[in-house]
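Trainee: Sharing a structure here in structure tokens format.
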Amino acid sequence: MKKFFKISAIVLIILFVIGFLAKKILLDYSSIPEKSNISLTVNDLRELAGKTGPLPVRVNLLRIGLGEFLPGMVVAGRYDKKYSVALVSYQVVYDSVLQGGGKTFIIDAGLDKSQIKMLKGDVSFDDAGYNLLQKGMKNAAAVVFTHEHFDHIGGMALSPFFREIAGKTMLPAEQMASPLILQAGFSQEMLTKCKKLQYEGLYALSPGIVLIKTSGHTPGHQMIYVKLKSGEEYLLAGDIAWNMDNVTELKRRPILVSLFLGENRDRVGNQLRWLHDEIYQAHKEIRLLVYHDQARQDEYVKQGLLGNGFEF
């Protein structure tokens, strides 16, 4: 009997040690490279953004849903702070009609109400906001997405006006080829009705709007740089970070979360370092927007740097 208890105690100790190490490595550990391997500069973006015509005049924010991440999901080792799950869409507005009709570009489309359960948490859904999103996409010159996760693209994939919007929806080849876009609600037939973008590095989508290929979080992830006629600049960083704390503290998502998402951690780590060094530190004048950060978005709305809602 004594031998049994002794063996049991040893097993429990081993399990405790394994559990402790697993937590430290999978949930608390975060490593970022000392220097990014990305050579892109802000001047590259500025030069490309201003080459093709009149710049846009403002950027608007539309919120479709709001919830909270589970503790410890956003910043590795951080359990003492609640982080928001803001589900939004952006509208870039011009003061003249663009080629193909419309004065706006829509960036990201949140999700459809039927997809809320996929977030596995308590998330509110704004029906009025969703209806404004649909109207905004119908009236836009083009619709683009930072990446192909359902909470960024589902509001278009399951749109009741898909046929009207599809012809102006622009998807990089990597987004089209990603299995994630099928999980978001697209079918292969639906994808054939959208416009396929083929580019490497940077792509001037429209005057003042530059796409930046940043695969890693997903195969088709891209950041989007926007420069206004006023000189204001924005960088929509998608989901390279989920909150500005990831950027300012240089701490990424836990390894376990990254593994679940299927991220390329090396690429995301270099991108996070680039955001910290090139934007947050060297170019604070650029309004850095990470997709789910409610507090950051609300701050910019309060300062008048983002319009509150879409315009028509």
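Trainee: Which residues, counting only those in the range 138-150, are assigned to a helix (DSSP H, G or I) and either among the hydroxyl-bearing types (Ser, Thr, Tyr) or in contact with an Asp or Glu (Cβ under 8 Å, 6 or more places away or on another chain) (or both)?
Mentor: 138
Trainee: Still on this structure, I have one more. Of the residues 63, 78, only one is in a loop (DSSP other than H, G, I, E, B), of a type in the set (Lys, Arg) and buried (at least 18 other Cβ atoms within 10 Å of the Cβ); which?
Mentor: 78
Trainee: Next question, about the same structure. In the list 158, 197, 132, which residue meets the criterion of being of a type in the set (A, V, I, L, M) and either over 13 Å from residue 109 (Cα atoms) or within 18 Å of the chain's Cα centre (by Cα) (or both)?
Mentor: Just one listed residue meets the conditions, 197.
Trainee: Show the residue pairs that are 6+ apart or on different chains and have beta-carbon atoms under 7 Å apart, the first residue being within the range 34-51 and assigned to a helix (DSSP H, G or I), the second being of a type outside the set (A, V, I, L, M, F, W, C).
Mentor: Note: pairs meeting the criteria are 42/278; 42/283; 45/225; 46/227; 49/208; 49/225; 49/227.
One line per residue, one yes/no per condition, for (1) within 28 Å of residue 94 (Cβ to Cβ); (2) of a type outside the set (A, V, I, L, M, F, W, C); (3) free of Cβ contacts under 8 Å to residues at least 12 places away in the same chain:
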{"position": "157", "(1), (2), (3)": "yes, no, no"}
{"position": "160", "(1), (2), (3)": "yes, yes, no"}
{"position": "164", "(1), (2), (3)": "yes, yes, no"}
{"position": "187", "(1), (2), (3)": "no, yes, yes"}
{"position": "194", "(1), (2), (3)": "yes, no, no"}
{"position": "197", "(1), (2), (3)": "yes, no, no"}
{"position": "204", "(1), (2), (3)": "yes, no, no"}
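Trainee: Next question. Which of the residues that make up the range 278-311 are more than 17 Å from residue 233 (Cβ to Cβ), assigned to a helix (DSSP H, G or I) and charged (D, E, K, R)?
Mentor: Of everything in the range 278-311, those that are more than 17 Å from residue 233 (Cβ to Cβ), assigned to a helix (DSSP H, G or I) and charged (D, E, K, R) turn out to be 298, 302.
Trainee: Looking at (1) surrounded by fewer than 16 Cβ atoms within 10 Å (Cβ to Cβ); (2) within 23 Å of residue 227 (Cβ to Cβ); (3) touching a residue at least 24 places away in the same chain (Cβ under 8 Å), which is the only condition residue 293 fails?
Mentor: Against the list (1) surrounded by fewer than 16 Cβ atoms within 10 Å (Cβ to Cβ); (2) within 23 Å of residue 227 (Cβ to Cβ); (3) touching a residue at least 24 places away in the same chain (Cβ under 8 Å), residue 293 comes up short only on (1).
Trainee: Could you check how many residues of the range 242-276 are assigned to a loop (DSSP other than H, G, I, E, B), polar (S, T, N, Q) and free of Cβ contacts under 8 Å to residues at least 60 places away in the same chain?
Mentor: The number of residues fulfilling the criteria is 1.
Trainee: Kindly provide the set of residues from the range 34-55 that are farther than 14 Å from residue 226 by Cβ and not aliphatic (A, V, I, L, M), ordered by number.
Mentor: Across the range 34-55, the qualifying residues are 34, 35, 36, 37, 39, 41, 43, 44, 47, 51, 53.
Trainee: Continuing with this model, one more query. Of the residues that sit in the range 106-162 and are of a type in the set (Asp, Glu) and crowded, with 16+ Cβ neighbours inside 10 Å, which one is nearest to residue 56 (Cα to Cα)? Write out each step before concluding.
Mentor: Quick first cut of the range 106-162, residues of a type in the set (Asp, Glu) only: 108, 112, 122, 126-127, 148, 151.
From what is left, the residues that are crowded, with 16+ Cβ neighbours inside 10 Å are 108, 112, 126, 148, 151.
Numbers: 108: 18, 112: 28, 126: 27, 148: 25, 151: 26 Å.
Among residues in the range 106-162 that are of a type in the set (Asp, Glu) and crowded, with 16+ Cβ neighbours inside 10 Å, the one nearest to residue 56 (Cα to Cα) is 108.
Trainee: Specify which of the listed residues (106, 153) is over 17 Å from residue 309 (Cα atoms), of a type in the set (Val, Ile, Thr) and not in a loop (DSSP other than H, G, I, E, B).
Mentor: 153
Trainee: So, of the residues in the range 68-100 that are under 21 Å from residue 134 (Cβ atoms) and of a type in the set (Gly, Ala, Ser), which turns out to be farthest from the chain's Cα centre (by Cα)?
Mentor: Here the residue is 100.
Trainee: Can you tell me which of 198, 222, 281 is touching a strand residue (DSSP E or B) at 6+ places or on another chain (Cβ under 7 Å) and among the polar types (S, T, N, Q)?
Mentor: It is 222.
Trainee: Name the single residue that is farthest from the chain's Cα centre (by Cα) among those in the range 103-129 being among the acidic types (Asp, Glu) and closer than 22 Å to residue 170 by Cβ.
Mentor: In this case the residue turns out to be 112.
Every read-out reported here was derived from the displayed coordinates using simple, explicitly stated rules and does not represent laboratory data. Because the structure is predicted, anything quoted here is derived from the model rather than measured. Note that each Cβ is placed from the backbone with ideal geometry, even for glycine, and that neighbours are counted across all protein chains shown.
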